[in-house]
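Heads up, the thing below is written out as structure tokens.
The values are calculated or read from the model by the stated rules, or taken from the named source; none is laboratory data. Keep in mind that what you see is a predicted model, and the values were worked out from it rather than measured. Cβ placement follows ideal geometry from the backbone for every residue including glycine, while neighbour counts extend to all protein chains displayed.
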């Protein structure tokens, strides 16, 4: 049976402090302003795959065991083996969800209204959803555990859950060799020939790699590109446009990914010289995210001169946080841009300090 349908689609949930922080963080990163909408989307996109859905996981586990049993085992032995293994798996899952049970006493419960389709799916007697037996028929308890489990997934997996619709559309386009029409956060749209969804080198974010060209451009003007999945505003399959890539195009794309990193495919590479202080060099060794690879390093009297070949955007993203510990020497345009931004920041602090 599904959960008992009371007709009241509102549930009160009290999450742990850790989960509350994850929810706030993910809402900010994913561009969602309404917590109720966020919670509903996580439920819809995650419940079929979550370990919190114990009945589903046990059915999958049993089926996997039966499919992989050797054919010469007597039936009574195979039944006993599957029963024992499933019972052990059940205890493992029950132990896992019990670890999410206790809410933080300092956190308050809040009401959330389930959307019609989600409420019907979880309470419809004709559905295959049978998780109520593990949650004393408490729909609120099940949802709390589901969201707590979501919060403990790595960020890159949470991104896949929240943007499931986008991932599904991309998977369909790849399976049918079709192009995509992608609109990014700036509102600009591009025809895109998808290649693959790939993580950045530290596996923190999902990117769609492929080729793109403008709406009023010919296909032969296409260039290698990557889109952060979380930054895609709209996406749809263009069924009339072929998305098949030849071996040579894939080879060029893979070469660009190897040289630039998937997150910087669209950047033109330039030679950048940066002088780092002793403390700056320590920071460079510690801060791995977005770090460019130097092809030359010269020890000076009290500093280090690094030379890179990387994109301007990567250099700005990585080195701006160094402050006085890094000095951009070239190109001149980038040096001037850093100087201007630091000047503006300094002026803001000086102005506010005189108030």
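For segment 166-179, name all the residues that are surrounded by 22 or more Cβ atoms within 10 Å (Cβ to Cβ) and in a helix (DSSP H, G or I).
166, 170, 173, listed by residue number.
Kindly evaluate residue 239 against the criterion of being under 17 Å from residue 186 (Cβ atoms) and assigned to a strand (DSSP E or B).
Judged against the criteria, residue 239 is not a match.
Among (1) modelled with pLDDT of 90 or more; (2) assigned to a helix (DSSP H, G or I); (3) in contact with a helix residue (DSSP H, G or I) (Cβ under 6 Å, 6 or more places away or on another chain), there is one condition residue 304 misses while meeting the rest; what is its number?
(2)
Please find, among 227, 207, 213, the residue that is modelled with pLDDT of 90 or more, over 18 Å from the mean Cα position of the chain (by Cα), in a strand (DSSP E or B) and closer than 16 Å to residue 265 by Cα.
213 is the lone residue from the list that is modelled with pLDDT of 90 or more, over 18 Å from the mean Cα position of the chain (by Cα), in a strand (DSSP E or B) and closer than 16 Å to residue 265 by Cα.
Just a yes or no: is a residue in segment 237-255 out of contact with any strand residue (DSSP E or B) (no Cβ under 9 Å at 6 or more places or on another chain), without any contact (Cβ under 8 Å) to a residue 40 or more places away in the chain and crowded, with 16+ Cβ neighbours inside 10 Å?
No, segment 237-255 contains no residue that is out of contact with any strand residue (DSSP E or B) (no Cβ under 9 Å at 6 or more places or on another chain), without any contact (Cβ under 8 Å) to a residue 40 or more places away in the chain and crowded, with 16+ Cβ neighbours inside 10 Å.
Checking the structure you have, find out if any residue of segment 109-127 is in contact with a helix residue (DSSP H, G or I) (Cβ under 8 Å, 6 or more places away or on another chain) and farther than 23 Å from residue 7 by Cα.
no
Could you tell me how many of the residues in segment 140-165 are over 12 Å from the mean Cα position of the chain (by Cα), under 17 Å from residue 208 (Cβ atoms) and crowded, with 21+ Cβ neighbours inside 10 Å?
Qualifying residue count, segment 140-165: 0.
From 276, 265, grab the single residue that is at pLDDT below 90, in contact with a helix residue (DSSP H, G or I) (Cβ under 8 Å, 6 or more places away or on another chain) and under 28 Å from residue 332 (Cβ atoms).
265 is the lone residue from the list that is at pLDDT below 90, in contact with a helix residue (DSSP H, G or I) (Cβ under 8 Å, 6 or more places away or on another chain) and under 28 Å from residue 332 (Cβ atoms).
Applying the selection to segment 28-50, what residues are in contact with a helix residue (DSSP H, G or I) (Cβ under 6 Å, 6 or more places away or on another chain), assigned to a helix (DSSP H, G or I) and modelled with pLDDT under 95?
Within segment 28-50, just 30 meets the criteria.
Against the condition without any contact (Cβ under 8 Å) to a residue 60 or more places away in the chain and within 30 Å of residue 253 (Cα to Cα), how does residue 306 come out, does it pass?
In short, yes.
Among the residues that make up segment 180-203, is at least one of them touching a residue at least 60 places away in the same chain (Cβ under 8 Å) and more than 25 Å from residue 29 (Cβ to Cβ)?
no
If you take the residues in segment 256-297 that are in contact (Cβ under 8 Å) with a residue 60 or more places away in the chain and surrounded by fewer than 16 Cβ atoms within 10 Å (Cβ to Cβ), which one is farthest from residue 199 (Cα to Cα)?
Out of the qualifying residues, it is 271.
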